[in-house]
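Worksheet: one structure, shown below.
The values are calculated or read from the model by the stated rules, or taken from the named source; none is laboratory data. Just so you know, these numbers come straight off a predicted model, no measurement behind them. Here the Cβ positions follow ideal geometry from the backbone for every residue, glycine too, while neighbour counts run over all protein chains shown.
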Amino acid sequence: MRAFLSPPFLYGDERRLVAEAFDSGYIAPCGPMVDALEAEAAKRFGFGGALATVSGTMALELLARALEIGPGDEVIASDLTFVASVAPFVALGARPVFVDADPATWCVDVALAERALKAHPKARAFVATDLYGQCCDVDALVALCDRFGVPLIVDAAESVGATYRGRSAGKGAWAVVHSLNGNKIITSGGGGLLLSDDTSLLARCRTLATQAREPVPWYEHRTVGTHGRLGNVPAAIGLAQLRRLDEALAGKARIWEAWLARMVGKDWLAPMPTAAYGRPNRWLTVVTLEGRNPLKAVSALAAQGFEARPLWKPMHLQPVFSGAEAVLSGVGEELFARGLCLPSGCGLAPELMDEMMTLLEGL
Ligand SMILES: *Cc1c(COP(=O)(O)O)cnc(C)c1O
C-alpha cells in the first residue's frame, strides 16, 4: 500500500513512555500509565472521570453490562454506524431498533429518533454515533432521551477531540465512548476510554472490567463481569498520543483542507457536510460521488496502492439484523450507495492526493 485509509501517526514520545512503563515494572493491566491516561483524558475532555479499556467495543460492553441488558430489552441506535456500536448490546440479548441519518450531519436524525422513542418508550438505552468525527446533536438527544428516561450513550469512537458547541464530543450524555484503536485519530495500539460525569457508573464499570470482583480481601463475586482493563504498556502509547491530540487535530484538518482544495470546480464530488454546531476532528475525509460508482473507485484506487473504502453499510441492511426494526428515511442507504472514504493519514503526501484525484476523475 502506498497510502492507507487511516494509518497511525507517531509524534515521538511514544517510545520514551513505553520505556518508562517497562522501567516501572508494571507490565500489567494497571499501573502509573493507566492512572495518568485516565486522569489526563478526564481533564482534557472535561468529564468527571475516565476508565481505560482494552477497546472501544469493551467500553460499550461494560455500559451494556452496567445497564444489565438482557434478552428482550430494546436498544435504540444509529443505523449508519460501525457494528461495534450495537454488537455488545445484541450479544447480551438486546433487540436493536435502528434510526436513520440526518442528511445535514450524517449522524442520527433527531426527529426520527423521537419517533423511535415514542414507539419504544421502555428502551433501555440510546446509542448515538458521532460519524466520521462529526458530533451528533447531543443537546437535542439529551433533551429527547431525558423526556423518556432513557440513558444516552454517545459512541464517540471516531470523534476523539471533536467539539460540540465548544464542549468535548458527547459531553452531556450519560456516558461517552472513545476508541484508541490503531485506525483512529489517536491510538494506544488498541484500546478505549469510557468517559462520564457519573462517578458511580465509572466505579461500577471498573468493577465489571475486573471480573466483578468485590472490594474485599478474598475473591468475592455477586455477579459476573469480564476482563476489560487496558494494560500499562499500551496505556503509555495512548498517553503519549493524547498529549499530542492538538497536533493530530491540526494534521487531520490539513489533510481535509488539502482534499477540499482538490475538489474545487468538480461538481461530481462533494465533501461530507459540516454541522454548524461543532468542530469535527476530520478523522476521515469522506465524500459523495455523483455519476461515479464508489466501489469502482475503491478498486481503481486499490490497483494503484491506495486504500479507500465505501461508507459504513447501514445496520438495517446487514444480514445479521435482517429482522430488526428500523425507522428509515432512505438517507443512510443513499449515502452508502454514493459515499467514499479517502485515505486520510496525517502524513499523506500532496502528490499522492493529486494522483488519486486524477484516478477518480478518469473513472
Ligand atoms: C472504531 C469504532 C468502534 C470500536 O472501537 P474499537 O476500539 O475498535 O473496539 C465503535 N464504534 C465506532 C463507530 C467505531 O468507529
> Residues in the stretch 172-182: is at least one within 11 Å of the ligand (Cβ to nearest atom), surrounded by fewer than 19 Cβ atoms within 10 Å (Cβ to Cβ), small (Gly, Ala, Ser) and under 29 Å from Arg243 (Cα atoms)?
Replying inline: yes
> Can you spot a residue in the stretch 198-209 that is touching a Cys at 6+ places or on another chain (Cβ under 9 Å), more than 9 Å from the ligand (Cβ to nearest atom) and over 17 Å from Ala87 (Cβ atoms)?
Replying inline: no
> For the stretch 196-215, how many residues meet the condition of being modelled with pLDDT of 95 or more and either among the β-branched types (Val, Ile, Thr) or in contact with a Ser or Thr (Cβ under 8 Å, 6 or more places away or on another chain) (or both)?
Replying inline: 9
> Does Asp246 satisfy the condition of being touching a strand residue (DSSP E or B) at 6+ places or on another chain (Cβ under 9 Å) and either surrounded by fewer than 24 Cβ atoms within 10 Å (Cβ to Cβ) or in contact (Cβ under 8 Å) with a residue 60 or more places away in the chain (or both)?
Replying inline: no
> What number of residues within the stretch 152-172 satisfy the criterion of being free of Cβ contacts under 8 Å to residues at least 40 places away in the same chain and more than 20 Å from Phe82 (Cβ to Cβ)?
Replying inline: 2
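A quick yes/no check of all residues on (1) within 15 Å of the ligand (Cβ to nearest atom); (2) modelled with pLDDT under 95; (3) within 17 Å of the chain's Cα centre (by Cα); (4) not aliphatic (A, V, I, L, M):
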site	(1), (2), (3), (4)
Ala39	no, no, no, no
Thr53	yes, no, yes, yes
Ala59	yes, no, yes, no
Leu67	no, no, no, no
Ser78	yes, no, yes, yes
Val83	yes, no, yes, no
Lys118	no, no, no, yes
